[in-house]
Amino acid sequence: MLYAFHEMQKSLGAPMRFAAQMGMNWAQSSGNPWKDMPASDWLAASSELTMRLSQEYPKLPFGIHSVVVDERTHAVEEKVVEEKAFCQLRRFSKVGAKGESRILLVAPLSGHHSTLLRDTVRSLVQHHEVFVTDWRDARIVPLAEGLFHLDDYVRYVIEFLQSLGPDVHVISVCQPTVPVMCAVSLMAAHNDPMRPKSMVMMGGPIDTRVNPSKVNDYATKHGIEWFEQHVISRVPAKYPGFGRRVYPGFLQHYGFVAMNPNHHAKSHWDFFRDLIKGDGADAETHRKFYDEYNAVLDLDAAYYLETVQRVFQEFQLPRGVMEISGERVDPKAIRDIGLMTVEGELDDISCPGQTDAAHGLCLNIPNARRKHLLVQGCGHYGIFSGSRWRNVVYPAIREFIATERAISEKSPAAVSVKPNVKRKK
């Protein structure tokens, strides 16, 4: 019923959006004799704000066509290199570039589209060949494709690494730190020659018992049956995924906004005032941010509920009881893969300490191949987007990957290091 009510609400709001569009067009029209009067500015601003608060936002393209490296502009090619039912693997590379390190960037499947990592990709492709997991909206995946489970997520990561290896480095942002840790652990346990050379984990819920956030507290205060009863709905008939049980994107969006309603209200009010004042630059910054922030996707219910239960309620990975397809996950099997963790000091989604916990699980990675970066004054989104990402985080990741690549090119005997027993702080 949730989805049906949402669709009805959209239909009922259509006349209001149409009227707002007409009002904005009239206020800005050269045929409006009062176009330069304050009343027209007010009409245009209020009409646009009404439209933006009530419309649906489509997935945006990555739109990375070129990058500047050492004052030279390089064209960037984007290509889908692998198709799966719930994911496309997209390749970004500078045209003509050869011999650069390969990176598998595992984007979060937690509400927003993978294009949220646009700034991440734009930086990484300056010096690397980048492959991004571009997750599909579950409402467009036909039910005939089957369900998508957390185990399937791990399997996808393993298969992508196997197709890109052996000289590949994996970066996971937020939610995928757990499935990536599972995938790499299983590959290491099987001595898979295609296992990555290094892994970078950024702002993720490796152990949410550490410094729990409001999101973590919310997950533990409600049983899994509560989530199934209150947030799961079926995709309506108008979409290809008709009948699929999902956690709808619009509910996730409400949750995002509810975490900090005052901030969003102030942001929209400032946008309205910027429109009235004619401050086009700040208004456009607002549009770009919310065009991406408001674009959400549905999650398959099986994957969502399993993630809530196994990661946020039962803490299976840090407790050592996580199993994927019946096989126990043991991060201690990882011995010859570098590990870097990145956290934001002010992150209120994956709080400091939750990602750093990965080091305590990977006991057999040598200390010389570990790195932890705590970014001062930085929130969750700042560790992968914006000035701190570009000026602090990315240079550190680039250096780490270059070091790990150099290590991997040496003979095994030359890089043999005594395993770590207790992590150095």
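The values are calculated or read from the model by the stated rules, or taken from the named source; none is laboratory data. Note that the structure is predicted; figures quoted are calculated from it, not measured. Heads up, the Cβs are rebuilt from the backbone with ideal geometry, glycines too, and the neighbour counts pull from every protein chain shown.
Of note:
- Here His127 fulfils each of the conditions (1) in a loop (DSSP other than H, G, I, E, B); (2) modelled with pLDDT under 95 apart from (2).
- Scanning the range 347-371 for residues being surrounded by fewer than 20 Cβ atoms within 10 Å (Cβ to Cβ) and under 20 Å from the mean Cα position of the chain (by Cα) gives a total of 3.
- Filtering Leu104, Leu117 for residues that are crowded, with 18+ Cβ neighbours inside 10 Å, in a helix (DSSP H, G or I) and of a type outside the set (Lys, Arg) leaves a single hit, Leu117.
- Filter result (in a helix (DSSP H, G or I), hydrophobic (A, V, I, L, M, F, W, C) and in contact (Cβ under 8 Å) with a residue 60 or more places away in the chain) within the range 143-161: Leu143, Leu150, Val154, Phe160
- Assessment of the range 191-198 against the conditions (surrounded by 22 or more Cβ atoms within 10 Å (Cβ to Cβ), on the phi < 0 side of the Ramachandran plot and either without any contact (Cβ under 8 Å) to a residue 40 or more places away in the chain or under 19 Å from the mean Cα position of the chain (by Cα) (or both)) yields no matching residue.
- Test: residue in the range 279-296 that is of a type in the set (Gly, Ala, Ser), in contact (Cβ under 8 Å) with a residue 60 or more places away in the chain, surrounded by 19 or more Cβ atoms within 10 Å (Cβ to Cβ) and assigned to a loop (DSSP other than H, G, I, E, B): yes
- Qualifying positions in the range 23-38 - in a helix (DSSP H, G or I), closer than 26 Å to Lys288 by Cβ and either touching a Leu at 6+ places or on another chain (Cβ under 7 Å) or not aromatic (Phe, Trp, Tyr) (or both): Gly23, Met24, Asn25, Ala27, Gln28
- In the set (1) in a helix (DSSP H, G or I); (2) exposed (fewer than 12 other Cβ atoms within 10 Å of the Cβ); (3) among the aliphatic types (A, V, I, L, M), Ala20 fails one condition alone, (2).
- Annotation note: of Val321, Val342, the sole residue that is outside any helix (DSSP H, G or I) and either without any contact (Cβ under 8 Å) to a residue 60 or more places away in the chain or surrounded by fewer than 23 Cβ atoms within 10 Å (Cβ to Cβ) (or both) is Val321.
- Boolean, Val184 is at pLDDT 95 or above and either within 21 Å of the chain's Cα centre (by Cα) or of a type in the set (Asp, Glu) (or both): yes
- Residue check, His149 surrounded by fewer than 19 Cβ atoms within 10 Å (Cβ to Cβ) and either outside the structural domain of Pro179 (by TED's automatic domain parsing) or touching a Lys or Arg at 6+ places or on another chain (Cβ under 7 Å) (or both): no
- A single entry from Ala138, Ala85, Ala144 fulfils the requirement of being within 29 Å of Lys238 (Cα to Cα) and either in contact with a strand residue (DSSP E or B) (Cβ under 6 Å, 6 or more places away or on another chain) or not hydrophobic (A, V, I, L, M, F, W, C) (or both): Ala138.
- Residue, surrounded by the most Cβ atoms within 10 Å (Cβ to Cβ), within the range 39-58, restricted to residues that are part of a helix (DSSP H, G or I) and free of Cβ contacts under 8 Å to residues at least 40 places away in the same chain: Ser47
- Matching residues, the range 36-87, being among the polar types (S, T, N, Q) and within 15 Å of Arg17 (Cβ to Cβ): Ser46, Ser47, Thr50, Ser54, Gln55
- Taking the criterion of being under 18 Å from the mean Cα position of the chain (by Cα) and closer than 17 Å to Gln88 by Cβ, the residues of the range 145-154 that qualify are Phe148, Asp152, Tyr153.
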